[in-house]
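Take a look at the structure set out below.
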Amino acid sequence: MDFGGGDEIRFERRGATGIVTLTRPKALNAITHRMVLALTRALDEWQSDDRVAVVVVTAEGRAFSAGGDILRIYEAGKAGGFPVAFFADEYRLNAAIARFEKPYVSLIDGIVMGGGVGISVHGSHRLFTENAVFAMPEVGIGFFPDVGGSFFLPRLRNSFGSWLGLTGERIRFGDALWSGIATHAVHSADRDAIVEALAESGDPDEVCERFAFEPARETEDASLSSIGRHFSLENINDILVSLGQGREHGDEFAGKALATIRTRSPTSLHVTHRQILAGGMLSMDECMRMEFRILNRMLKGHDFYEGIRAALIDKGSKPEWKPATIEDVGEAEIEAYFAPLGDSELAV
């Protein structure tokens, strides 16, 4: 089946299942504009195709998807051609997955970050294997947890989403299942059998019940308690103070979190904290419109390009954030990221 994805994404119908396979393993299946448009076309067709009972998304190689194709975005932005159209189509796809009326099964084996999260976490069934590694690390490159991060992060248990968004930390499948990111844990060795079972029955609930198991949570009780205590606060400066006090009282987890946050983009931290607070009271479509407003300002700012330079261009160098500290970021500066776009608002 050809929906215009070229050699970057493959589509097939097998039995009752529409199968999507990401096929850029050398690029860790980073999401491109072509892939976004092709998947959008496939879902549009399969939504009304009675032969397709369920959609399953999987990937070649050691990553499900490590995110968006950041270098392409960086190069386009530096040249003055801000790739707004890519993000608009990506965000519309994220919203379409959230409202897709048929079961949508993501089979996560390996790294899933950024744009890869956007095409998986909004589906009805999220299957994580023991090889899965999840993160939303955007604050470390001067960006923000987009692709619906403002919708799903505030809905995770125990302020776990706030901790993930503000630190960019990685978690494994036990934590993903406990927090609500994953709906099931499965063994990597069973991936092909799961796809075949879905093709035969078209019943993901029955297939998941057959193959799923309950892994142990990786994060310890004391660390979860620390996350809930510090990251539930509604002011980012209060979070920093709370983490500092925890460190002074021997809370090693709080000390580590504080040290990590201090390396992230101050602007990104403020924006991320506010979007997570706001997103908990918004619908998915409303979240995508909010994120599109933020995106338009981020692409014209400083920290995103500085973060990519430090992480990918001059690898290992220290980014020079502007403003340099969390305390230096003004309220009016952050407010501007959320201001309406007028005629340029995202149509979801």
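Spin-label model, ALA347/GLU248: points 7 Å from Cα along the beta carbon direction are separated by 5.5 nm.
This model, with +1 at the C-beta of Lys and Arg and -1 at the C-beta of Asp and Glu, gives the stretch 221-344 a dipole about its Cα centre of some 400 debye. The angle between the Cα long axis of helix 84-99 and the main principal axis of the chain comes to about 60°, on a 0 to 90 degree scale.
Summing charges over all other residues whose Cβ lies under 13 Å from the Cβ of ARG274, with Lys and Arg as +1 and Asp and Glu as -1, gives -3. Only Lys, Arg, Asp and Glu carry charge here, each on its Cβ (+1 for the first two, -1 for the last two); on that basis the chain has a dipole of about 660 debye about its Cα centre.
Altogether, the Stokes-Einstein calculation at 10 °C and 1.306 mPa s, with the Kirkwood radius of the stretch 221-344 over Cα pairs as Rh, returns a diffusion coefficient of 99 µm²/s. Computed over the chain with a Gaussian network model linking Cα atoms closer than 10 Å, the most mobile of ALA66, ALA332, ALA76 is ALA332. Two numbers describe the Cα atoms of the stretch 217-264: Rg and Dmax, which are 10.2, 29 Å. The coefficient of translational diffusion for the stretch 174-270, derived via Stokes-Einstein from the alpha carbon Kirkwood radius under 10 °C and 1.306 mPa s, stands at 97 µm²/s. For the chain, report the translational diffusion coefficient in µm²/s to the nearest whole number, using Stokes-Einstein at 25 °C, 0.890 mPa s, and a Kirkwood Rh over Cα pairs. D, rounded to a whole number, is 120 µm²/s. Between the helical axis of 236-248 and the longest alpha-carbon principal axis of the chain there is an angle of about 80 degrees. Taking 27 Å as the straight-line reach from the Cα of LYS78, the lysines in range (excluding those fewer than 8 positions away in the same chain) are LYS26, LYS300, LYS315, LYS318, LYS322.
Projecting the Cα positions of ILE9, ALA53, ALA63 onto the charge dipole of the stretch 1-136 (unit charges on Cβ atoms of Lys, Arg, Asp and Glu, taken about the Cα centre) puts ALA63 furthest along the positive direction. Its Cα centre serving as origin, the stretch 157-207 has a Cβ charge dipole (Lys and Arg +1, Asp and Glu -1) of approximately 500 debye.
Just so you know, all these numbers are worked out from the coordinates, no wet-lab data involved. Computed from a predicted model, the values in this text were never measured in an experiment. A quick note on method: Cβ atoms are made from the backbone with ideal geometry, for glycine too, and the neighbour counts reach across all protein chains shown.
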